[in-house]
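Novice: Sharing a structure, written as structure tokens. Questions coming.
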């Protein structure tokens, strides 16, 4: 199905969820270049169009900064689970369940940097779409996040599709074909394999391709 069709299916399922006191956190996970960010944006727009105020929280806002990654020897692995502030991310999720307004960070790709408190999830936004690679990762710390999801979606794709999209992504960023292939193979596809092979299958409410 197309991203638009997938988003409509998610919106329909979310609208059928039982009313709750706190916020509903809708997790949209999947490998890099799998299409989760596109679907997440469409889901948010679809809920808003249906009269459901909805926030959006990309996990990319919790990248550790490049200086810290250099210190840890992880700059070349940026985007891997260990290059994120998992504790800060988990804390923000908990705040969303109990606080009316929560300032959240965003990631600026053009600057390759996190912008602290760049967005605000308001008190009228009782639904929040959370998107990121590792929201359903079956590894220590990450697997605990699944208890926060009201509804969870995994957007999958074949490694062949992901390789093509990832190489094109780096070409679009100005890398040479050789460097684009190298960047995709040595980091992004490693992360993609990890996401696909270590997903919490029993915690996925909807699996999309």
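Derivation of every value follows stated rules applied to the coordinates shown; laboratory data play no part. Everything quoted here is computed from the prediction, not taken from an experiment. Neighbour counts run over all protein chains shown; Cβ positions are idealised from the backbone, glycine included.
Novice: Give the distance, in whole Å, between the Cα centre of the stretch 120-170 and the Cα centre of the stretch 68-84.
Specialist: Here the two parts' Cα centres lie 19 Å apart.
Novice: Now for a different question. Please compute the length gained on full extension between residue 48 and residue 144, using 0.36 nm multiplied by the number of residues separating them and subtracting their Cα-Cα distance.
Specialist: 31.7 nm
Novice: Using only alpha carbon pairs under 8 Å that are at least six residues apart, calculate the relative contact order of the stretch 93-209 and give it in whole percent.
Specialist: 25 percent
Novice: Between residue 119 and residue 87, what's the calculated FRET efficiency when r is the beta-carbon distance and R0 is 22 Å? Round to 0.05.
Specialist: About 0.65, to the nearest 0.05.
Novice: Further question on the same structure: Report the full-extension gain for the segment residue 161 to residue 94: residue separation times 0.36 nm, less the Cα-Cα distance, to one decimal in nm.
Specialist: 20.6 nm
Novice: I've got another one for you. Say R0 is 25 Å: what FRET efficiency, to the nearest 0.05, do residue 111 and residue 169 get from their beta-carbon distance?
Specialist: Efficiency computed from Cβ-Cβ geometry: 0.90.
Novice: Quick one: helix 159-172 against the long Cα principal axis of the chain, what's the angle to the nearest 10°, folded into 0 to 90?
Specialist: 80 degrees
Novice: Could you tell me which of rounded, prolate or oblate describes the stretch 76-116, using a ≥ b ≥ c as the square roots of the eigenvalues of the alpha-carbon gyration tensor, with rounded for a/c under 1.5 and, failing that, prolate when a/b is larger than b/c and oblate otherwise?
Specialist: Oblate is the answer for the stretch 76-116, as a/c is 1.5 or above yet b/c matches or exceeds a/b.
Novice: Over all directions, what mean area does the Cα convex hull of the stretch 36-91 project, stated in square nanometres?
Specialist: 4.7 nm²
Novice: Using the Cα gyration tensor of the stretch 93-169, with a ≥ b ≥ c the square roots of its eigenvalues, what is the shape: rounded (a/c below 1.5), prolate (a/b larger than b/c) or oblate (neither)?
Specialist: Note, shape of the stretch 93-169 comes out oblate.
Novice: Looking only at the stretch 1-132, where both bridge partners belong to it, what percent of the DSSP beta bridges are antiparallel (to the nearest 5)?
Specialist: Just about 40 percent of them are antiparallel.
Novice: Between residue 72 and residue 176, what is the FRET efficiency for a Förster distance of 25 Å, r being their Cβ-Cβ separation, to the nearest 0.05?
Specialist: For residue 72 and residue 176, the calculated efficiency is 0.35.
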